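Novice: Below is a structure I'd like to ask you about.
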Amino acid sequence: MERQVLENDPQELERFKERIDLVEYALRQGYQIKAQGKRDDWQHLENGGEHIIVSRKDDKQVYFNPGDDRDKGTIIDFVKTRQHKNLGEVRQHLREYLNEYPEPQKAYATALVPARLEGKPKEQGETATEAEIEEEKRTRLISEVLGVKRELTDRTYLYSRSLTDETLDSPAFQGRVFTTEKNEHGFRNTAFPLYNEHGLASVEQKNTGYKNLLELPKDGIWVSHPTQGKGTPIERLVLNESAIDSMSYHQLKNDGKNTMYIATAGTVTERQTALIQRVIDKQNPQEVILADDRDVGGRRFNINYLNDLQPARPFKELANQEAYREASRPVQWHATAGRYHANLRVEYHHENSQEGAERVNYLTRQVDRINSVQEEPSIEMKVQRSTEKDTVIKLSVAKADTAQLEVISQELYRQREQLRPEQERHPVNFIRVEYPIAKDYNRDLELATQGLTTSEIQAQAAQDEREREAQRLQKEQLRAESQRLEQAQHLLQVQQPNDTLERRQQPKEGQKGKTTLETSSVVPAKTDAGQLLPAKEQLAGPGSEKELIIKVEEKDKGTGVKGQAEAVKDTVERSGAKVGDIQSTSTNGLRHSEMKVAYRTDDPEIGRISKTLDAIGNQKGNDVVEHHSDRAERREIAGKVENHRLSQQEITR
């Protein structure tokens, strides 16, 4: 007897999920398999530029769309979204589908995608294109890192960067920061997805002492939602170098304006700039704030943003393609940076040579004005090309003086607005630069969280800058010393070719007739007195064991529930230190935990251990109880280890 189907039978939906093969259904709707896991545990499908990833969860197939974080779920959600049906219509549609295709076929199980990943033929006489191989590689790498269940399940690293739950729970950052799958070492990192107009393009991963961007073209940007929620019209767009800085900026400066954040994961590419402009075109913000780092790189990015970005461009039809009306550019510029100098290339477009001369005179006056207040002229200006219609000028400064090129770029920005037709001019203050007090906004947040005032943050920022400069000079000295050592090594090779660097046989004392092989393969380091020391004695001498206590205060989540204390223990253990059992007590809804930590100062991982302990100590709710002399000693030894590592790297180069 045929079973009667009830219109609202909840079990029917479960049967659809169990019986219908989502991949097979999608293939019948025109999708094609682009890639799949080696064990068929996931499939990447594409149809008309739309990409989906299908995998299994609780013995049922689920999917997600990398380009739309709302488009995900089971076969029910897949049909509702694509067939534009209500639940009743979905039921009827899937009943008919099951009658037509009662036995789902596993056609995808024999797909040739793994072979195509290695560049092998996908069909006889047809080879995978470079773009297809790159797309399959991208999908595979992202799927391996993020998995299917994309959630922020571990906030330990974000807490260590002084970010609060209130910030992380903001509508702006929902679905824009995740916890990764465990890697080969069993670690989970914090992941920031980068998007382009086609969807998910790459993933940046971060953790204490760790940063990684997938080995893919830098073809995307990290984009938040509006602070007032998805789909709301934004007033302001803020550009940062990292997503951490974006969230730090929000925590420090959120003033209620509906704001969207964009981060580039470091160095800005031309493709990323184009994507940022597309966001401006779509969102039409009233202002754009350049909130990059206060250093040479950040200033260079801002100089180029001033040239490249403009208010939302009007859309126009052009041969069935997307196109925008561009404002005229009577002057444009681009900044680059080398090892010691920063350069600004300025290009004027004019009607005749007289106009060109006027443009050059204007820029010359700006350069002379800046040079006149310096003890020595710092900006070097040279006309590289001058024709009836174009003039190209190159400006150069020492990298430390890049801020002066930024002043010039702001003058050029004002000049360009004056030279443009009035209807093409940017609104006043459409783009403005807003630097942090310290190097970046996360450092500002860290210092503010410690209770420092603005003037104290400025003082600490100046101290940070002096320390960075000292480290830079030390690195230069190490590089120079390495070069001298290489020269000395070469001289020894010339003078004693068979004595210092070649293997030789020598009888050991007390062992006549026996020989041993001796080599001199490590270049020794010099003491302050100029004497040579063996490589093993370059650091701090014999090590000793140190102990400390880490205290953690957090909300009590109940017996047996892991919290911040367990995360701290896991992080410290992974650094290489030994950690004892967690001892906890609960009072007034708070859990107070302690754990003993031990390490040796001659541990090869002392640098990592030291960085981890400092990061843990800076995290809200944590306290590293350590004798001040032990803390100073481990930091000093860790610094020597790092300098030694850099020195060896320079030698090998």
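What follows draws every value from the coordinates through simple rules; no lab data is involved. From a predicted model like this one, the values you see are computed outputs, not experimental measurements. Please note: Cβ atoms are built from the backbone with ideal geometry, for glycine as well, and neighbour counts cover all protein chains shown.
Novice: On a straight-distance basis, which aspartates and glutamates could pair with K316 in a cross-link, Cα separation under 19 angstrom, same-chain partners fewer than 8 positions away excluded?
Specialist: E197, D281, E326, E424
Novice: Then there is this: Extension gain R466-R56, at 0.36 nm per residue separation less the Cα-Cα distance, in nm?
Specialist: Values: separation 410, 0.36 × 410 = 147.60 nm, distance 5.36 nm.
Stretched out fully, the R466 to R56 stretch lengthens by 142.2 nm.
Novice: In this model, which of K17/K57; K17/K72; K149/K230; K57/K230; K34/K149 are farther than 19 Å apart at the alpha-carbon?
Specialist: Details: K17/K57 11 Å; K17/K72 14 Å; K149/K230 21 Å; K57/K230 27 Å; K34/K149 21 Å.
Long pairs (Cα-Cα over 19 Å): K149/K230; K57/K230; K34/K149.
Novice: Does the range 545-652 come out rounded, prolate or oblate by the C-alpha gyration tensor, with a ≥ b ≥ c the root eigenvalues, rounded set by a/c under 1.5 and, if not, prolate when a/b is larger than b/c and oblate if not?
Specialist: Numbers: a/c = 2.80, a/b = 2.40, b/c = 1.16.
Prolate is the answer for the range 545-652, as a/c is 1.5 or above and a/b outweighs b/c.
Novice: Which of the GluC sites (Glu not before Pro) across the range 283-370 are loop residues per DSSP, with 13 or fewer other Cβ within 10 Å?
Specialist: Values: sites: E287, E317, E322, E326, E347, E351, E355, E358; in loops: E326, E351.
Answer in residue order: E326, E351.
Novice: Can you give me the distance in nm between label points at A357 and E144, each placed 7 Å from the Cα along the Cα-to-Cβ direction?
Specialist: Reported label-point gap for A357 and E144 is 6.4 nm.
Novice: So which of K182/K211; K257/K620; K211/K611 end up more than 20 Å apart, counting from Cα to Cα?
Specialist: On the way: K182/K211 15 Å; K257/K620 28 Å; K211/K611 14 Å.
Exceeds cut-off: K257/K620.
Novice: Under the Karplus relation 6.51 cos²θ - 1.76 cosθ + 1.60, θ = phi - 60°, what is the ordered set of whole-Hz ³J(HN,Hα) values for the range 365-382, x standing for Gly and Pro?
Specialist: 5, 5, 5, 4, 4, 6, 5, 5, 9, 9, 4, 10, x, 10, 9, 9, 10, 9
Novice: May I pose another question? Let me make sure I get this right: for the range 329-400, a, b and c are the square roots of the gyration tensor eigenvalues over alpha carbons, sorted descending. Under 1.5 in a/c it's rounded, otherwise prolate if a/b > b/c, else oblate. Which is it? Working shown, then result.
Specialist: Numbers: a/c = 2.82, a/b = 1.58, b/c = 1.79.
Oblate, because a/c is 1.5 or more while a/b does not exceed b/c.
Novice: Search the structure for amide H atoms under 5 Å from the amide H of K34, placed 1.01 Å from N in the peptide plane, and list their residues when 5 or more places away or on another chain.
Specialist: H44, L45, E46
Novice: Going by a ≥ b ≥ c, the root eigenvalues of the Cα gyration tensor, does the range 214-327 fall in the rounded group (a/c under 1.5), the prolate group (a/b larger than b/c) or the oblate group? The partial results should precede the final answer.
Specialist: Details: a/c = 1.67, a/b = 1.21, b/c = 1.37.
Oblate shape, in that a/c is at least 1.5 and b/c is the bigger or equal ratio.
Novice: Within the range 201-241, report the trypsin sites (Lys or Arg not before Pro) that DSSP leaves as loop and that have at most 13 other Cβ atoms within 10 Å. Walk me through the intermediate numbers first.
Specialist: Values: sites: K206, K211, K218, K230, R236; in loops: K218, K230.
Loop-located and lightly packed - K230.
Novice: Within the range 398-442, which GluC sites (Glu not before Pro) sit in a loop by DSSP and count at most 15 neighbouring Cβ atoms inside 10 Å?
Specialist: Values: sites: E406, E411, E417, E422, E424, E434; in loops: E434.
Answer by residue number: E434.
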